[in-house]
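Structure first, commentary second.
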Amino acid sequence: MGSSRDYQAEGIVLRHSVIGERDKIVTLFTPDEGKFSAVARGARRPGSSLGPSVEMLTYGRFQCVRRRALDLITQATILDSFSNLKADLWRMSCGLYACELVDSSTVDGAPNRPLFEFLLEALMEIDRVGCDDNVLRFFELRLLEHIGFRPSLGCCVSCGSSLRPVENSLSATMGGALCPDCARSCPDAKALSVSALKVLRFWLGCRLDVARRVKMGTALSCELEEHGYRFVRNVLQRDIKSRAWLVRLRSEALLTSTSEASTIPRWFEAE
Amino acid sequence: MSITAEPIARLVQALGKLPGMGPKSAQRLAYHLLLSPDAEIEELAASLLSLKGSLVFCSQCFNVADSDPCSICADPQRDRTVICIVERPSDIPPLERTGKLDGLYHVLHGCLRPARGIGPDDIRIRELLPRLRSGEVKEVILATNPTVEGETTAMYIRQLVEPLGIKVTKLARGLPYGAELEYADEMTLGQAINSRQEF
Ligand SMILES: [Zn+2]
Ligand SMILES: [Zn+2]
């Protein structure tokens, strides 16, 4: 059987859209082929063997056929369906946010294996342990690194002097930290506390399971959130839509104090 | 310059806007209609025209209906203590055909799609709450699609409904009839195990 038009790809389903009555166009992120879209015929029909494997937030092995238009997914095996992640509203929403970030920061057909492995590791971690603010902030920071926009935090990005342990600044357009002198002439410089700089530097050099153990108060957590999103927004030049959903979930979880809120330590401290 | 007669081009263009209709299918359908008997075309045109004119949203369940309230909401025989929540009006007929539900419905007109910016205010979630606060409702059945977005919607609604002291149930995600266990995926099988019943 197999011809040169057949190929196999392991990847994560980032999103899909519907086409025709029963088909789906699936956008996969794979280590070797990068991001690409393919058609999964019949995937919306109950009982379709493809259906469960081409659902969002699924890691699978996909048998594909190259075609002139969109490739075709002919068979698929689930490698990880992240079932714990999908059983929890907050975790699933965080997973969708991670996928949207990756989707927004990649173009079709450009492989980025480190980014793929990073996304897979993050989804596994969220599935296994859960997702708190540290995980979200760490994900944003290291995503920037994986797409070539690692924030420069060693010394002042403008004058090159080493940063003293005082309140420095962070500029998204300059791509890193600024000393107090240079910050004055930079319009988008925002105050960067000593603790925030310390955490960001630490996160640039550690793994997710270590990063999530950093203990911080509400103020620091909020500061990092603002810096992180400003950076992401500046690099990607667009809003990440599922972020509004996370913000809403968090505020409503606070109001109704349901179980989902318990995955967000900073609201515990706020109470 | 166009090689297609203007009325056909216009029809192809209009049909091409329908969901699931590519340019080729639109063209095929247009030529099919061209060759259909006049009476059939007139019936089709008339039904299209009356579609918008005579249909309304039921102000209780938001189903599309020819009257408000719809025939289900108006039926005194239906069990008013049970509300089944669906994504689309077209989800109701298959549920009705099972003959297993005799409560009321609530049509959301979509589901939560965080990555597309579709949140609770963009579908009819808010409208559900006044119906539940009346105290009459004892059970909410979540019948959203078994997809990531359908499940997101279901879990979100559960979060809103549970504090009201109303029982929340969800359609079981089991093995499809005629399927073989060996080929079932881990997600479906896991959910089928979780929702197993005494036999
Ligand atoms: Zn400087
Ligand atoms: Zn009704």
Kyte-Doolittle mean at least 0.0 and Cα axial length at least 15 Å: DSSP H helices in chain A: A:89-104, A:113-128
Spin-label model distance (nm) - B:Glu42 vs B:Lys167, 7 Å beyond Cα toward Cβ: 5.5
Distant-in-sequence amide H partners of B:Lys170 (H built 1.01 Å from N, under 5 Å): B:Leu142
Radius of gyration, Dmax [the stretch A:1-159; alpha carbons; angstrom]: 16.9, 62
Probe 1.4 Å, protein heavy atoms only - accessible area per residue of the stretch A:152-258 in square angstrom: 51
Kirkwood Rh in Å, taken over the stretch B:6-54 so that all alpha-carbon pairs contribute: 11.5
Net charge over other residues, Cβ less than 11 angstrom from the Cβ of A:Asp239 (K, R count +1; D, E count -1): +3
In sequence order, calculated HN-Hα J values of the stretch B:11-19 (Karplus, 6.51, -1.76, 1.60; Hz; x Gly/Pro): 5, 4, 5, 5, 5, x, 7, 6, x
Cut-off under 5 Å, modelled amide H: who pairs with B:His106 long-range: B:Cys84, B:Ile85, B:Val86
Space enclosed by the convex hull of the alpha-carbon atoms of the stretch B:64-170, per residue, Å³: 105
Buried solvent-accessible surface, both chains (A, B), 1.4 Å probe, Å² to nearest 100: 2200
DSSP bridge pairs, chain A: antiparallel proportion in percent, nearest 5: 90
Fraction of beta bridges assigned by DSSP in the protein assembly as shown that are antiparallel (%, nearest 5): 70
Estimated FRET transfer efficiency (B:Asp66, A:Arg213; beta-carbon r; R0 51 Å; 0.05): 0.25
Percent of Cα-Cα distances greater than 13 Å, calculated over the stretch A:6-81: 60
Three principal axis lengths of the protein assembly as shown [C-alpha, angstrom, descending]: 84, 64, 49
³J(HN,Hα) computed for each position of the stretch A:149-166 - Karplus, 6.51 cos²θ - 1.76 cosθ + 1.60, integer Hz, glycine/proline x: 10, 4, x, 8, 10, x, 9, 4, 5, 8, 9, x, 6, 6, 7, 8, x, 10
Vicinal HN-Hα couplings computed from phi for the stretch A:27-34 (Karplus, 6.51 cos²θ - 1.76 cosθ + 1.60; Hz; Gly/Pro x): 9, 9, 10, 10, x, 9, 9, x
Nonlocal amide H pairs with A:Met56, under 5 Å, H built at 1.01 Å: B:Val148
Whole-percent carbon and sulfur share, accessible surface of the stretch A:1-119, 1.4 Å: 46
Accessible area of chain B divided out per residue, in Å², using a probe of 1.4 angstrom: 63
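If Lys and Arg each add +1 and Asp and Glu each add -1, what is the summed charge of the other residues whose beta carbon sits under 14 Å from the beta carbon of B:Ser71?
-4
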Rg/Rh ratio calculated on Cα atoms of chain B (Kirkwood radius): 1.06
DSSP beta bridges in the stretch B:64-170 [antiparallel fraction, %, rounded to 5]: 10
Crossing angle, helix B:38-54 versus chain B [Cα axis fit, 0-90 degrees, rounded to tens]: 40
Ranked by how many other beta carbons lie within 10 Å on average, peptides B:95-108, B:19-32, A:82-95 from highest: A:82-95, B:95-108, B:19-32
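Pairwise over distinct Cα atoms, reciprocal of the mean inverse distance: report the Kirkwood radius of chain A in Å, one decimal place.
Evaluated on chain A, it is 20.0 Å.
For B:Ser25 and B:Leu129 in one chain, what is 0.36 nm times their gap in residues minus the Cα-Cα distance, to one decimal in nm?
Gain on stretching B:Ser25 to B:Leu129: 33.2 nm.
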C-alpha long axis of helix B:148-161 to longest principal axis of chain B, angle in °: 50
Other protein chain Cβ atoms within 10 Å, averaged over every residue that makes up B:155-165: 3
Accessible surface of the stretch B:6-54, 1.4 Å probe, proportion on carbon and sulfur as whole %: 64
Extension gain (nm, one decimal) between B:Tyr177 and B:Ser90, 0.36 nm per residue minus Cα-Cα: 29.1 nm
Amide N of the stretch B:124-146 lying under 20 Å from the label point, which is placed 7 angstrom from the Cα of A:Ser83 along Cα→Cβ: B:145-146
Interface residues, the stretch B:16-54 - accessible area loss of 10 Å² or more versus chain alone, probe 1.4 Å: B:Gly20
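The values are calculated or read from the model by the stated rules, or taken from the named source; none is laboratory data. Computed from a predicted model, the values in this text were never measured in an experiment. Every residue, glycine as well, gets a Cβ built from its backbone with ideal geometry; the counts of neighbours run over all protein chains shown. Protein only, heavy atoms only, side chains kept; ligands, DNA and RNA dropped before computing areas. Shrake-Rupley method; radii C 1.70, N 1.55, O 1.52, S 1.80 Å.
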